[in-house]
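Here is the structure we will look at, set down as structure tokens.
The values are calculated or read from the model by the stated rules, or taken from the named source; none is laboratory data. This structure is a prediction, so every number in the text was calculated from the model and none was measured. Positions of Cβ are generated from backbone atoms using ideal geometry, with glycine treated the same way; all protein chains shown enter the neighbour counts. Remember, those area values only see protein heavy atoms, side chains included, never the ligands or the DNA or RNA. Shrake-Rupley method; radii C 1.70, N 1.55, O 1.52, S 1.80 Å.
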Amino acid sequence: MGAQQEKKPSEERKHKSTQNNTQTSQVQWGRAWEVDWFSLASVLFLLMFAPLIVYYFIMSCDQYQCSLMNPLIDLLTRNKHLSDIWNKTPMLTYKAAGIYALWVTFQVVLYICLPDFCHKFLPRYVGGVQEGAVTPAGIVNKYEINGLQAWIFTHVLWFANAYYFHYFSPTIIFDNWIPLMWCANILGYAVSTFAMIKGYFFPTNPKDCKFTGNFFYDYMMGIEFNPRIGKWFDFKLFFNGRPGIVAWTLINLSYAAKQQELYGQVTNSMILVNVLQGIYVLDFFWNEAWYLKTIDICHDHFGWYLGWGDCVWLPYLYTLQGLYLVYHPVQLGTANAIGILILGFIGYYIFRMTNHQKDLFRRTNGNCKIWGKKPEYIECSYMSVEGTKYYSKLMTSGFWGWARHFNYTGDLMGSLAYCLACGFEHILPYFYIVYMTILLTHRCIRDEHRCLSKYGKDWKRYTAAVPYRLLPGVF
């Protein structure tokens, strides 16, 4: 949705709407104030089973050639016991611990010690010190946007080592993949636990904390909105973008190197996965300043959901296609490869242009052209927690007139392209499209629940004007 916040004169700030009152507006920020039984059950399920899901997928590739059914069949038929599978699982090693500690430390240094210089010579790139959205407590945090710089610097060193220095093998990530998984889990749980303790005893801004009284919900969904150490180290931005997303392309490159080592060639399917996912990663860092205005930064608190999720779930499950192709190299026919590439490009185009239209609409307060015409929109208003009345515009033109979350539609098209590159022999690489469909559908519903609470009857006018969420004419 395109929305532009605008403060009105002080006498209007005192106005309170029956549809958008102070009490209602509290639910718009990120998570619940009270926990119902369903939310608690969902939280407990994820806390218990999400780590097991990651382990199961990675173990299936390591011990069962990426078959998801054979481990279950072995266990059900008592051909193997859990202890047999566990005993064959590589454990944490000093080498993996050293690699991971060096990696995270390197990304921290790039994040907080090197001010961005890319914005000085890259046209239209927005980097350097940027302001985030207004928090519930009315705080506007500043961020040092230097993710693209960190990505470039990291990859230059990677290729310099691969082709010149040879300090370590490009297959180093794959060769230590499971030991590194234990390291990632340790960091994920450590940072999540620290964030919870910090929220209780020394929060960055106490007014931006939420306590439900339920330990498990608070641990998972987070207490602090923007936990920070010092002026610049923001937990949410760092762990959302670094080290997981910077590593995403390195992980895929390591998979490609392993394929070359094992089979003497890199298949076109592996190249497709590297290219299409690489475009997504580069898009993230090119638009890192824009990312400050998205749900993850604007509405989610920092807890296990983001801390562990960004350390473990993202790098291990978002890269399953490349991992699968190491065990099952697929050489696509030319027509199939071109078709998948086109699908990925179209999905990316829709994803980026939809977001661009919203950003342009916001920045110009609607004084722009979308598809050659002045955009249409619905005027709406809402009340902040402190009782200030704000005004917004919800755009109904361009892709935003086709569906309320058409950017997610493009994202799903790209996700499907990654999976199709792996062929149809196994279901494991298709986990990503299934997961992304569930995730983005849930985000649609969660975001729209928040918007209904925020805008009230104005939101109903908007949904009447744009009736579909993801697929015009279908959903």
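So for region 462-474 (the condition being among the basic types (Lys, Arg) and not in a helix (DSSP H, G or I)), does at least one residue qualify?
Keep residues of region 462-474 that are among the basic types (Lys, Arg), which gives 469.
After this cut, where a residue has to be not in a helix (DSSP H, G or I) as well, the list is 469.
Among the residues of region 462-474, at least one is among the basic types (Lys, Arg) and not in a helix (DSSP H, G or I), which makes the answer yes.
I'd like to check which helices (runs of 4 or more DSSP H) are fully inside region 306-388 and have at least 2 residues that are of a type in the set (Lys, Arg). Quick ask: steps written out before the conclusion?
Working: elements: 314-317, 320-327, 334-363.
Once the helices (runs of 4 or more DSSP H) in region 306-388 are filtered for at least 2 residues that are of a type in the set (Lys, Arg), what remains is 334-363.
Within region 136-185, how many residues are farther than 30 Å from Lys389 by Cα, without any contact (Cβ under 8 Å) to a residue 24 or more places away in the chain and open to solvent by 60 Å² or more (accessible area, probe 1.4 Å)?
Result for region 136-185: 9.
Quick test of your reading of the structure: Phe168 fulfils all but one of (1) among the hydrophobic types (A, V, I, L, M, F, W, C); (2) at pLDDT 95 or above; (3) part of a helix (DSSP H, G or I). Name the failing condition by number.
For Phe168, the failing item is (3).
Can you name the residue in region 294-305 that is under 17 Å from Asp208 (Cα atoms) and modelled with pLDDT of 80 or more and is also surrounded by the most Cβ atoms within 10 Å (Cβ to Cβ) among such residues?
Here is the first cut: in region 294-305, the ones under 17 Å from Asp208 (Cα atoms) are 295-303.
With the extra rule that they be modelled with pLDDT of 80 or more, the set shrinks to 297-303.
On the way: Ile297: 20, Cys298: 17, His299: 17, Asp300: 19, His301: 24, Phe302: 30, Gly303: 26.
Among those residues, the one meeting the criterion is Phe302.
Condition check: in the same structural domain as Ser381 (by the TED database), farther than 21 Å from Val281 by Cβ and open to solvent by 10 Å² or more (accessible area, probe 1.4 Å). Does Gly423 satisfy that?
Details: in the same structural domain as Ser381 (by the TED database): yes; farther than 21 Å from Val281 by Cβ: yes; open to solvent by 10 Å² or more (accessible area, probe 1.4 Å): yes.
So Gly423 fits the description; yes.
Filter region 438-475 down to the residues that are open to solvent by less than 60 Å² (accessible area, probe 1.4 Å) and of a type in the set (Val, Ile, Thr), then identify the one that is farthest from Lys389 (Cα to Cα).
The residue in question is Thr441.
Consider region 202-241. How many of its residues are in contact with an Asp or Glu (Cβ under 7 Å, 6 or more places away or on another chain), outside any loop (DSSP other than H, G, I, E, B) and farther than 19 Å from Glu288 by Cβ?
3
Starting from region 447-462, take each residue that is free of Cβ contacts under 8 Å to residues at least 24 places away in the same chain and list its partners that are among the aromatic types (Phe, Trp, Tyr), counting only C-beta distances under 6 angstrom and pairs at least six apart or across chains.
Once the first residue is free of Cβ contacts under 8 Å to residues at least 24 places away in the same chain and sits in region 447-462, its partners that are among the aromatic types (Phe, Trp, Tyr) give Leu452/Trp459.
Conditions (1) of a type in the set (Phe, Trp, Tyr); (2) crowded, with 21+ Cβ neighbours inside 10 Å; (3) at pLDDT below 95, marked per residue:
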| site | (1), (2), (3) |
| --- | --- |
| Ala335 | no, no, no |
| Leu341 | no, no, no |
| Asn365 | no, no, yes |
| Lys374 | no, no, yes |
| Tyr382 | yes, yes, yes |
| Leu394 | no, yes, yes |
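Looking only at region 190-246, count every residue that is closer than 22 Å to Val104 by Cβ and of a type in the set (Phe, Trp, Tyr) and tell me the total.
Number of matching residues: 7.
Would you please name the residue that is nearest to Ile145 (Cα to Cα), looking only at residues in region 227-252 that are polar (S, T, N, Q) and at pLDDT 95 or above? So that I can check it myself, show each step before the final result.
Initial filter on region 227-252 (polar (S, T, N, Q)): 240, 249, 252.
Right, trim to at pLDDT 95 or above and you get 249, 252.
Values: Thr249: 19, Asn252: 24 Å.
Per the criteria, the residue is Thr249.
What are the residue pairs meeting all of these: first residue in region 270-294, first residue under 21 Å from Leu420 (Cα atoms), second residue open to solvent by 50 Å² or more (accessible area, probe 1.4 Å) and at pLDDT 95 or above, Cβ atoms under 6 Å, and 6 or more apart or on different chains?
Note: pairs meeting the criteria are Ile279/Tyr348.
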